[in-house]
Amino acid sequence: MDLKNIIFSKEEGIGWIRFNRPDKLNALNPEVFFELGKVIPICAADDDIRVVILTGNEKAFAAGADIDHMANGDIKTAFKLSDEAIVVQERLADLPKPTIAAISGYALGGGLEVALCCDFRIAADNAVVGLPEINLGIIPGGGGTQRLPRLINYCNAAEMIMLGSMIKAEKAERIGILNKVVSAQDLEKEVKAFAQKLMRQPAMSLRAAKIAMRKGLNTSLKDGIRIEQDLFCMLFGTQDQKEGMAAFIEKRKPQFQGK
Ligand code: CO8
């Protein structure tokens, strides 16, 4: 596949997607979204990929949408860019397997918004996150005003969005944006270990749990409970449910097959 702005690889059950515009702190231009749109369906379809990790380089996960591209844009340009970005982000958020954003350095604006589409965010201690769009005379356009207040409390989200403040990893973990902060040199190792833990879980249950949580967030509690019920009952048709419960009764560790 001809990719210039991201690097895609598959290693030991993990699909790695690396932003690759180092000269521009991985700023997200339309080509990046186009290439992301190509690899996300591959990650969804390939059964050998159990977990997807998005990452950048040491200095930046991604420092936002590409301001050079947007600076002279008009309303139509903005709609075009955001239409593409929104579709790709929805595909990422809906991937039926766990996704992790491994963040080193800056995750700003559209960069943080992509990370917010992942199930987990693990960051190096040099990470800086924020939604600084207001300082450019705009607002977040990649889901930031919607996903952040659904993830953390409203007042912290409002401060980040209205003041455009950038916050360090330790605070981002404290207010619930990050799952975990690790030392910069250990980031890849820690993220891999986290992914390996996920890979030991039953894949159909991971899928069901993710769908239940994601769909449930956008519906009433009553409807969400029914969504959960259907998924819960469906899992009784899997081999992994038989294995998980047999292993408990036989006092051994379960060996899940993802079936
Ligand atoms: N866009 C374009 N270029 C960028 C961006 C960016 N977002 N961020 C950094 N760069 C470039 C710089 O222009 C510079 O390029 P050059 O060397 O050619 O001048 C290079 O990357 C290195 O950057 P700096 O020299 O600025 O590095 P510093 O370490 O001094 O500063 C900062 C790092 C603080 C991260 C600084 O670069 C910065 O503030 N960047 C912009 C951050 C920002 O405002 N992000 C939000 C952008 S708007 C947005 O994301 C809207 C989201 C919409 C969602 C998508 C759907 C539409």
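The values are calculated or read from the model by the stated rules, or taken from the named source; none is laboratory data. These figures come from a predicted structure and were not determined experimentally. Counting neighbours? That spans all protein chains shown, and the Cβs are built from the backbone with ideal geometry, glycine included. Surface accessibility is based on the protein's heavy atoms, side chains included, excluding ligands, DNA and RNA. Shrake-Rupley method; radii C 1.70, N 1.55, O 1.52, S 1.80 Å.
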So is residue 159 within 22 Å of residue 33 (Cα to Cα) and of a type outside the set (A, V, I, L, M, F, W, C) or not?
-> no
Can you pull out the residues in the stretch 161-176 that are within 16 Å of the ligand (Cβ to nearest atom), open to solvent by less than 70 Å² (accessible area, probe 1.4 Å) and not in a strand (DSSP E or B)?
-> 161, 164, 165, 169, 172
Give the stretch 106-122 a look and list any residue that's buried (at least 24 other Cβ atoms within 10 Å of the Cβ) and within 15 Å of the ligand (Cβ to nearest atom), or say none.
-> 106, 107, 108, 109, 110, 111, 112, 113, 114, 115, 116
Every residue from the stretch 125-150 that is more than 9 Å from the ligand (Cβ to nearest atom), without any contact (Cβ under 8 Å) to a residue 40 or more places away in the chain and open to solvent by less than 20 Å² (accessible area, probe 1.4 Å) = 148
(1) touching a residue at least 12 places away in the same chain (Cβ under 8 Å); (2) of a type in the set (D, E, K, R); (3) under 30 Å from residue 218 (Cβ atoms) all hold for residue 76 apart from (1)
Can you pull out the residues in the stretch 181-215 that are under 14 Å from residue 234 (Cβ atoms), open to solvent by 60 Å² or more (accessible area, probe 1.4 Å) and not in a helix (DSSP H, G or I)?
-> none
If you check residue 61 against the conditions, is it under 18 Å from the mean Cα position of the chain (by Cα), open to solvent by 20 Å² or more (accessible area, probe 1.4 Å) and more than 10 Å from the ligand (Cβ to nearest atom)?
-> no
